Amino acid sequence: MRKPASLRIVLLSCSVWVPPLTARAESPPAAEDVEQLKSQLGLLQKQVAAMAARIEALEAGAASGAEPAAEAAGAPTPPTPPLATAEVPPGAAGGGGPSGAVPLYGGVSASSKVFNPDIAVIGDFLGAAGREGEAGQPSLELHEAELSFQAVVDPYARADFFLTVGPDEVGVEEGYITFPTLPGGFLAKVGKTRDVFGKMDGLHNHVLPFTDRPLVTRNLTGGEDGMGDYGITLARLIPNPWLFLEATGQVYRGRSAVFDGTKRGDLAYVGHLRAYRDVSESSNLDLGGSFAYGSNDAGPGLHTRLLGVDATYRWRPLRRAIYNRFLARTELVWSRREEPGGAREAFGFYASGEYQFARRWFLGARYDHSDRAADPGLTDKGGSLLLTYWPSEFSQVRGQYRRTRLGEGPTANEFLFQFLFAIGAHGAHPF
């Protein structure tokens with residue numbers, strides 16, 4: 001028969017003297033020994049009963065969310081009867097603290113956050129020196145402060161809001177609700193989201209591997225804001241025995257940095273197919289194809305089509321994962337923009353690599369080449385070298401040398417530096 005928990009606790013924390021068996025065998029126990037054992041047994045029974053009552057009171061208080069009735073009324077807790085030959089150490093059964101009460105963790109303080117979302121603020125401070133390029137980046141600025149609010153709505157959905165505060169504007173970068181368990185294995189997002197075209201468009205500024213975005217992003221896919229808009233996203237994993245395969249489709253209102261629909265029916269469509277596979281225990285390969293279509297600002301009934309291919313290779317040895325890693329990535333984008341005089345086709349790409357050579361140090365390089373969507377005869381080219389110091393997961397310091405040869409002829413040589421810092425609980429970004 002299994003002993004009650006309270007009895008087991010007392011037996012583990014108490015020691016009762018028992019006369020040696022040899023002594024019993026040699027001579028019958030004295031009358032005073034028998035009386036002493038009876039007295040100790042009676043005290044032990046009283047202690048077990050008192051602790052059982054205490055445990056029941058604590059369990060009842062935890063179930064109701066209130067303190068035990070004796071404490072609520074201000075009545076003192078019944079003391080534990082001492083044992084004549086036993087000593088209860090502090091922290092053992094009946095100890096737990098100066099008053100002898102078992103400590104309770106959580107309670108009201110643990111449930112106070114139930115109705116509050118995870119809140120974080122991320123600062124992105126940028127500086128630039130040297131001969132400036134076409135963008136005309138200021139010498140010093142708080143480029144962006146991102147405020148995030150993330151929480152589970154109910155067992156079937158969660159909500160994410162990302163607000164941006166810049167030098168000239170305050171806006172909603174993303175604000176959507178996610179339904180991860182729809183019938184048929186689908187996941188849906190409803191609200192304002194970033195687009196899934198390629199790899200860079202969906203990244204927030206503070207997650208970028210460089211201080212800036214590649215030229216092909218600026219020239220063909222919408223720059224910092226991308227094609228993100230108000231709409232609906234639907235994604236599903238495609239089961240197969242060979243690799244991880246995910247298909248994502250988005251329907252947008254059709255008004256962004258790339259598309260400019262003037263009527264209700266001028267919607268924009270973005271799609272992405274992602275394939276992922278481990279190459280070895282330390283490396284993996286990520287391939288993707290993208291498509292986008294929507295009305296542009298050249299005139300009624302005119303559209304822009306985008307096609308993209310992306311590839312990412314990651315290497316991170318398991319035994320030295322915090323000291324060494326390497327990531328190589330490239331994206332190629334084709335643009336076909338319809339205009340009254342005929343369609344204009346442009347092409348752009350970038351190739352980048354980033355290597356971690358110490359626990360907190362990273363070295364990166366990138367090459368850019370991109371035509372301009374509205375004037376494919378102008379081609380911008382550039383290269384960058386990057387050094388990143390990462391003191392912790394809450395801060396980063398970067399220095400980047402960028403050389404850009406613009407299509408009009410001038411060449412910009414700039415040194416860019418960046419400070420990223422975060423406070424609060426910020427959820428993980430997609431892998």
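Key figures for this structure:
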{"quantity": "Backbone N under 20 Å from the residue 394 label point (7 Å along Cα→Cβ), restricted to segment 175-216", "calculated": "206-207"}
{"quantity": "Residue 311-residue 381 pseudo-label distance in nm [points 7 Å out on the Cα-to-Cβ vector]", "calculated": "2.2"}
{"quantity": "Dipole moment magnitude, nearest 20 debye, segment 296-431 about Cα centre, only Lys, Arg, Asp, Glu C-beta charged", "calculated": "920"}
{"quantity": "Normalised contact order of segment 309-431, rounded percent, pairs of Cα under 8 Å and 6 or more residues apart", "calculated": "15"}
{"quantity": "Packing-based ranking, highest mean first, of 281-293, 312-324 given that Cβ atoms within 10 Å are counted", "calculated": "281-293, 312-324"}
{"quantity": "Contact order relative to length of segment 148-229, as percent, for alpha carbon pairs under 8 angstrom and 6 or more apart", "calculated": "19"}
{"quantity": "Per-residue ³J(HN,Hα) for segment 288-298, Karplus 6.51 cos²θ - 1.76 cosθ + 1.60, θ = phi - 60°, Hz, x for Gly and Pro", "calculated": "x, x, 10, 8, 9, 8, x, 6, 10, 8, 6"}
{"quantity": "Amide proton proximity set for residue 228, modelled H, under 5 Å, gap of 5+", "calculated": "195"}
{"quantity": "Label-to-label distance, nm, for residues given as residue 428 and residue 336 (7 Å Cα→Cβ offset)", "calculated": "4.0"}
{"quantity": "Percent RCO, i.e. relative contact order, over segment 216-284, from Cα pairs under 8 Å lying at least 6 residues apart", "calculated": "29"}
{"quantity": "Reference-scaled alpha-carbon Rg (2.2 N^0.38 Å with N residues) for segment 274-431", "calculated": "1.28"}
{"quantity": "Within straight-line cross-link reach of residue 263, aspartates and glutamates at Cα separation under 17 Å, skipping those fewer than 8 residues along the same chain", "calculated": "229, 297"}
{"quantity": "Computed FRET value (nearest 0.05) for residue 277 with residue 59, which takes r as the C-beta separation and R₀ as 45 Å", "calculated": "0.30"}
{"quantity": "Karplus 3J(HN,Hα) series, Hz, for segment 39-46 with 6.51 cos²θ - 1.76 cosθ + 1.60 (x for Gly, Pro)", "calculated": "5, 5, 5, x, 5, 5, 4, 5"}
{"quantity": "Residues with amide H under 5 Å from that of residue 303, placed H, sequence gap 5 or more", "calculated": "296, 338"}
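Values quoted throughout were computed directly from the atomic coordinates according to the rules given, and no laboratory measurement underlies them. A quick note: this is a predicted structure, and the numbers were derived from the prediction, not measured. Note that each Cβ is placed from the backbone with ideal geometry, even for glycine, and that neighbours are counted across all protein chains shown.
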